Amino acid sequence: MNGPIRWSILASTRPMAEPGGSRFLVFESAGRRYACSLDAVREIVPLRAATRLPGAPAHVVGLINLRGRLLTVIDLAVYLGGREAGAGKDAVGSIVLVGSGARVVGVLVDEVRDVRLVADDAVERVTDATITPGAVRALARLDDGIAVVLDTDAIVGNILQERAGAGENSL
């Protein structure tokens, strides 16, 4: 293609295939390194106060209003058993909005590190996770260590299933 690059191409939201690898967002929570597929990330927003819901599970931080849309926010470390509920009450960090289809859940993380291209042969599938069943998809070998690759579809599905089971429309 000769000539100027069209802005519509640059602004495309279609995922671009990476030759021989996948792109992951790498972040930390409770001293552990995690990653999720960049395709699942909708947005990263600064940490903000959430409205706690009475009777919600310990890992549910609460609800935030993001541009008129109510979103459930979970504390990833509490959800995966790496931190006691309430221990991250004065946390600093970010909320990573992850989606599964049209459903979006906010995930509280301590620090967003970067986006990494990881070769397919550096990602090892996990079949028997001892932490929160279904939450872990794989382990990724990075240049500077290992990251636990989360199954964001399963996490969003579990949170929404909890909501349905509790009969809460607001979760």
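The values are calculated or read from the model by the stated rules, or taken from the named source; none is laboratory data. Keep in mind that this is a model prediction, so the values were computed, not measured. Don't worry about glycine lacking a Cβ; one is built from the backbone with ideal geometry, like all the others, and counts go over all protein chains shown.
Among the residues examined, residue 34 qualifies as hydroxyl-bearing (Ser, Thr, Tyr) and modelled with pLDDT of 95 or more. Screening residue 112 with (1) more than 16 Å from residue 62 (Cα to Cα); (2) modelled with pLDDT under 95; (3) under 14 Å from the mean Cα position of the chain (by Cα) gives one miss only, at (2).
Listed by position, the strands (runs of 3 or more DSSP E) contained in the stretch 22-118 that have at least 1 residues being of a type in the set (A, V, I, L, M, F, W, C) and touching a Phe, Trp or Tyr at 6+ places or on another chain (Cβ under 7 Å) are 32-37, 94-100, 103-109. Put simply, of 18, 84, 28, 43 the only residue that is at pLDDT below 90, of a type in the set (Asp, Glu) and within 30 Å of residue 120 (Cα to Cα) is 18.
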